[in-house]
1. Within segment 207-225, is even one residue outside any helix (DSSP H, G or I), under 24 Å from MET103 (Cα atoms) and not hydrophobic (A, V, I, L, M, F, W, C)?
2. Counting just the residues of segment 120-160 that are surrounded by fewer than 17 Cβ atoms within 10 Å (Cβ to Cβ) and either in contact (Cβ under 8 Å) with a residue 24 or more places away in the chain or within 16 Å of the chain's Cα centre (by Cα) (or both), which one comes out farthest from PHE204 (Cα to Cα)?
3. Among the residues of segment 66-78, how many are without any contact (Cβ under 8 Å) to a residue 60 or more places away in the chain and open to solvent by 60 Å² or more (accessible area, probe 1.4 Å)?
4. Would you call THR202 among the hydroxyl-bearing types (Ser, Thr, Tyr) and without any contact (Cβ under 8 Å) to a residue 24 or more places away in the chain?
5. Out of curiosity, is VAL10 assigned to a helix (DSSP H, G or I), open to solvent by 50 Å² or more (accessible area, probe 1.4 Å) and of a type in the set (Val, Ile, Thr)?
6. Going through segment 124-181 one residue at a time, which ones are hydroxyl-bearing (Ser, Thr, Tyr) and closer than 30 Å to SER71 by Cα?
7. Which one of GLY163, GLY168 is open to solvent by less than 50 Å² (accessible area, probe 1.4 Å) and out of contact with any His (no Cβ under 8 Å at 6 or more places or on another chain)?
Amino acid sequence: MPYPRAYVYVLLVMAVIAAGFWPSYFAVWGSVPWQFHAHGVAASLWVMVVLAQSWTAHHGRLSLHRAVGLSSLLLFPFLIGGLAAIIDVTAKGYAAADHPVRMMFGGPFLIGLALAIAAYVTVYYRALKYRREVWIHSGYMLTTSLILFESPFGRVLNQYMPGLTIGGAEDLHRIMPAILWSMAIELAFIAAVWLKYREKATPFLVAGLFIVAQMLTMGPLGDTAWFKSLMVMLGNAPSAAIVATGVAAGALTSWAGWQAGRRPAVPIAGTAQPA
């Protein structure tokens, strides 16, 4: 099976998620907005699914592997809906000017989230479409946890890395450099995987293109007047409409990817063929 130590890498991502989001989410579970729970629960379950798929594949538990894979079809709409919920709370916070971080970085955050959704939809669709080709399928599924790495690791850097730590409002400008460093580490990891496995690691290059797109657009576009107007419009839109759009996009991806990966129909011998 490909990527024999992949489950160790997924465990590392889980540890980074726990460390990065501990102060702002896990430690204050009962007082955060519902949008945080919509994203936090779905994303945490998703990483567990990827971990379980990797572990079962490498330990010969293929029936369990397939069952976990089928469960991802149901979970994926909620993963995208959870990301849409973060877009919702970010836009509403920006429109209400309720927090200095959202006022400074609401635009870049929203662009990053939109590109993350596009990345998830792309790689999961392709994971389903090529689910009978183990290198391609496993690569695309593993990239979904890689995409989750940037945000919590940036927070870890802001907590512990000298020169990037945030001690007060005067240090908030360090948030974006920490995010960019996290993305650079993701790209370095992708480069290492590519150098080892070459064309077999094409799914990681696809994820890398989305990460590069985030790096190039989050800063410049997020500060433009038209994008700020878009954020205010989203901030005034019903939360249910934004989240439902995300859930619908995820459900459509699950359905389309599953259909694309179905075996072609084989004509039964002796059956009359149309002229």
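1. Taking segment 207-225 first, the residues outside any helix (DSSP H, G or I) are 223-224.
Keeping just the survivors that are under 24 Å from MET103 (Cα atoms) gives 223-224.
Of the ones still in play, those that are also not hydrophobic (A, V, I, L, M, F, W, C) are 223-224.
Yes; the residues of segment 207-225 include at least one that is outside any helix (DSSP H, G or I), under 24 Å from MET103 (Cα atoms) and not hydrophobic (A, V, I, L, M, F, W, C).
2. Step one: filter segment 120-160 for residues surrounded by fewer than 17 Cβ atoms within 10 Å (Cβ to Cβ), giving 132-134, 159-160.
When the remaining residues are screened for being either in contact (Cβ under 8 Å) with a residue 24 or more places away in the chain or within 16 Å of the chain's Cα centre (by Cα) (or both), the result is 132, 134, 159.
Numbers: ARG132: 18, VAL134: 14, GLN159: 28 Å.
Checking each candidate, the answer is GLN159.
3. 2
4. Details: among the hydroxyl-bearing types (Ser, Thr, Tyr): yes; without any contact (Cβ under 8 Å) to a residue 24 or more places away in the chain: no.
When the stated conditions are applied, THR202 does not pass them.
5. Numbers: assigned to a helix (DSSP H, G or I): yes; open to solvent by 50 Å² or more (accessible area, probe 1.4 Å): no; of a type in the set (Val, Ile, Thr): yes.
So VAL10 does not fit the description; no.
6. Here is the first cut: in segment 124-181, the ones hydroxyl-bearing (Ser, Thr, Tyr) are 124-125, 130, 138, 140, 143-145, 151, 160, 165.
Those that are hydroxyl-bearing (Ser, Thr, Tyr) and closer than 30 Å to SER71 by Cα: TYR124, TYR125, TYR130, SER138, TYR140, THR143, THR144, SER145, SER151.
7. Values: GLY163 fails: open to solvent by less than 50 Å² (accessible area, probe 1.4 Å).
Step by step, each of GLY163, GLY168 is checked, and only GLY168 is open to solvent by less than 50 Å² (accessible area, probe 1.4 Å) and out of contact with any His (no Cβ under 8 Å at 6 or more places or on another chain).
So that you can scan it fast, the table gives a plain yes or no per residue for (1) closer than 19 Å to SER151 by Cα; (2) in contact with a Pro (Cβ under 6 Å, 6 or more places away or on another chain); (3) of a type in the set (A, V, I, L, M); (4) exposed (fewer than 15 other Cβ atoms within 10 Å of the Cβ):
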| position | (1), (2), (3), (4) |
| --- | --- |
| ALA42 | yes, no, yes, no |
| THR56 | no, no, no, no |
| LEU64 | no, no, yes, no |
| GLY81 | yes, no, no, no |
| ALA85 | yes, no, yes, no |
| HIS99 | yes, no, no, yes |
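The values are calculated or read from the model by the stated rules, or taken from the named source; none is laboratory data. If you're wondering where the values come from, they're calculated on a predicted model, not measured in any experiment. When we count neighbours, we look across all protein chains shown, and the Cβ atoms used for this are built from the backbone with ideal geometry, even at glycine. For the accessible areas, the whole protein counts, side chains as well, though only heavy atoms, and no ligand, DNA or RNA atoms are used. Shrake-Rupley method; radii C 1.70, N 1.55, O 1.52, S 1.80 Å.
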